[in-house]
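*Asks:* Before I ask anything, let me first share the structure, which is written out below as structure tokens.
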Amino acid sequence: MTTARTPSPLLGGLAPDAFMKRYWHKRPLLIRQAIPGFTAPLSRDALFAMAAQDDVESRLISHARKRWQLEHGPFDADDLPPLSRKQWTLLVQGVNLHSPAVDALMQQFRFIPDARLDDVMISYATDGGGVGPHLDSYDVFLLQAHGKRRWRIGPQRDTTWLDDVPLRILKHFEAEEEWILEPGDMLYLPPGYAHDGVAQGECMTYSIGFRAPLEQEMLQNFLYYLAENAPALPFARHFAGRYADPGQSAVKHPAALPDAMIETLVSQLEKVRWGQKEVEDFLGRWLSEPKSHVFFDPPESPLSVTRFVREAAERGLALSPKTQLLYRRNQYYVNGEPLDVPASARSTLRQLADRRRLNAGECANFEQKDQEIVEILYDWYASGWLQLETDPKPPLKLRAVRKKAKK
Ligand code: SIN
Ligand code: CO
């Protein structure tokens, strides 16, 4: 297993620790052959098929005679321009949720906390295609997956955008450096660093993107959380949790806000308490919440618990790429919900959260262990949050022996 101190070709020979210190959020880095001999795990046709799905976010951007156009998916194959037409791009978001191979690629970037890792977006472009010079408010790794793309980048000072364009495109982009990226090459860009990538012939680029919520968005969501979880307020004394004013007298000025109403709210707010515990609980729930268009696929005919335990011991288990499992000390959060984990299940769940899988050996002694871990995992399996690993297909001889032994 790679550690924070293991130099890696993915980061141009740097260890994750060194990359984070020197480049993360600070300066761009071009990495030639970050993944040596990389071939795109998803074909163009498989990407187009994904863009036709309702539960996949996609956009089509075309540029012709200086006009930019943007359309939102889903797109059937015949909604897309012909492949012979130049200067169009299809962007497909969250491909890691639907392709195990792309999910596996994203796992290589887990030297950055899951709370910050967002998704893998794949762009397909015909010759000359691109989304125009722009800057993003989050960090990104741009991995060239197929064909060539010319990237020009620069620390932009003038951030005026083109008018009357459905995309954010810089009016006065100034590049300082440029390169042509080939399959396996990767460019890291910190937030706010301007870039313009133009396809040279047909090309596909994978963007490993990060989640950078606005401070205001976090605050707003925390305040919602506090309101939802606030203890029952004494309004309830009067009328089922609603404001009530049995002491209200007749008024001469009906348009004036009543003092009692203001005082009641002020005194309620004074009772709202929050601290580190609430912040942790809010972040765990909020950050593990799947995006609104994510739907899980529960197994059509789930195995019985006994069979599930037996199969897990032979094949191992893996979280669905759609599952978000986070923890803070002994508190776990899965897909937006807090989870009370008995002490006996904690170390197994921690391994599952950090590695996203348990190998067969680790599942082998479930039967002897406390049933609590089995209950949690079986429940996740039946909900489509967790899957049995595909059968490793032991050699024929071994399979025959195993069959005999079962008799
Ligand atoms: C692209 O892949 O075409 C665009 C990615 C980006 O600029 O962030
Ligand atoms: Co960008």
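The values are calculated or read from the model by the stated rules, or taken from the named source; none is laboratory data. Not measured: the values here are computed from a predicted model. A quick note on method: Cβ atoms are made from the backbone with ideal geometry, for glycine too, and the neighbour counts reach across all protein chains shown. Calculation scope for accessible area: heavy atoms of the full protein, side chains included, ligands and nucleic acids excluded. Shrake-Rupley method; radii C 1.70, N 1.55, O 1.52, S 1.80 Å.
*Asks:* To the nearest 10 Å², what's Tyr124's accessible area with a 1.4 Å probe?
*Replies:* 0
*Asks:* Please give the Cα centre distance for the stretch 307-330 versus the stretch 151-204, rounded to the nearest Å.
*Replies:* Using only Cα atoms, the two centres lie 39 Å from each other.
*Asks:* Got a sec? What order do Ser249, Ser8 fall in by accessible area at 1.4 Å, biggest, i.e. largest, first?
*Replies:* Ser249, Ser8
*Asks:* Sticking with this structure for a sec: Among Ser344, Ile376, Ile122, whose Cα lies farthest out toward the positive end of the dipole of the chain, if unit charges sit on the beta carbon of Lys, Arg (+1) and Asp, Glu (-1)?
*Replies:* Working it through, the farthest residue towards the positive pole turns out to be Ser344.
*Asks:* From the protein chains alone at 1.4 Å, what is the descending order of accessible area for Ser383, Ser347, largest first?
*Replies:* Final ranking, largest accessible area leading: Ser347, Ser383.
*Asks:* Considering the chain as a Gaussian network with a 10 Å cut-off on Cα pairs, which listed residue, His195, His293, His253, attains the greatest mean-square fluctuation?
*Replies:* His253
*Asks:* Here's a follow-up. Convex hull volume of the Cα atoms in the chain, per residue, in Å³? Don't jump to the answer; show the numbers that get you there.
*Replies:* Numbers: hull volume 95.4 nm³, N = 407.
Residue-normalised Cα hull volume stands at 234 Å³.
*Asks:* Right, something else. With runs of 4+ DSSP H residues as the only contributors, calculate the mean residue ellipticity of the chain at 222 nm using -39,500 (n - 2.57) per run, divided by the residue total and rounded to the nearest 500. Present the calculation step by step, with values, prior to reporting the outcome.
*Replies:* Working: 11 runs with 115 residues, N = 407.
Only helices count here, giving -8500 deg cm²/dmol.
*Asks:* Could you pull out every residue, at least 5 positions away or on a different chain, whose amide H is within less than 5 Å of the one on Gly201? Hs are placed 1.01 Å off N in the peptide plane, and Pro or chain starts have none.
*Replies:* Hits under the 5 Å cutoff: Asp127, Gly128.
*Asks:* Next up: Tell me the accessible surface of Phe111 in square angstrom (1.4 angstrom probe, heavy atoms of protein chains only), to the nearest ten.
*Replies:* Ignoring ligands and nucleic acids, Phe111 comes out at about 60 Å².
*Asks:* Give the relative contact order (percent, whole number) for the chain; include only Cα pairs under 8 Å separated by 6+ residues.
*Replies:* Relative CO of the chain lands at 13 percent.
*Asks:* Once the whole set of protein chains is in place, how much accessible area is left on Lys271, using a 1.4 Å probe, in Å² to the nearest 10?
*Replies:* 110
*Asks:* Loop-only GluC sites (Glu not before Pro) in the stretch 244-347, please: DSSP not H, G, I, E or B, and at most 14 other Cβ atoms within 10 Å.
*Replies:* Answer by residue number: Glu300.
*Asks:* If you put +1 on each Lys and Arg Cβ and -1 on each Asp and Glu Cβ, how big is the dipole of the stretch 1-94 around its Cα centre, in Debye rounded to 20?
*Replies:* Once rounded to the nearest 20, the dipole reads 960 debye.
*Asks:* Charges at C-beta only: +1 for Lys and Arg, -1 for Asp and Glu. How large is the resulting dipole of the chain about its Cα centre, in Debye rounded to 20? List each step's numbers first, then the result.
*Replies:* Values: 51 positive and 53 negative charges, 305 e Å.
The calculation lands at about 1460 debye.
*Asks:* Just to confirm, what accessible area per residue do you get for the chain at 1.4 Å probe, in whole Å²?
*Replies:* Here the per-residue accessible area is 57 Å².
*Asks:* Placing unit charges on C-beta atoms (Lys and Arg positive, Asp and Glu negative, everything else neutral), compute the dipole magnitude of the stretch 9-210 about its Cα centre in debye, rounded to 20.
*Replies:* That gives the stretch 9-210 a dipole magnitude of about 740 debye.
*Asks:* For the stretch 374-388 and the stretch 76-140, what is the separation of their C-alpha centers, rounded to whole Å?
*Replies:* Here the answer is 30 Å between Cα centres.
*Asks:* For the chain, with all protein chains present and a 1.4 Å probe, just round the carbon and sulfur fraction of the accessible area to a whole percent.
*Replies:* 52
*Asks:* Follow-up. Please go through the stretch 89-198 and write out the GluC sites (Glu not before Pro) that DSSP classes as loop and that have at most 16 other C-beta atoms within 10 Å.
*Replies:* Those satisfying the criteria are Glu174, Glu176.
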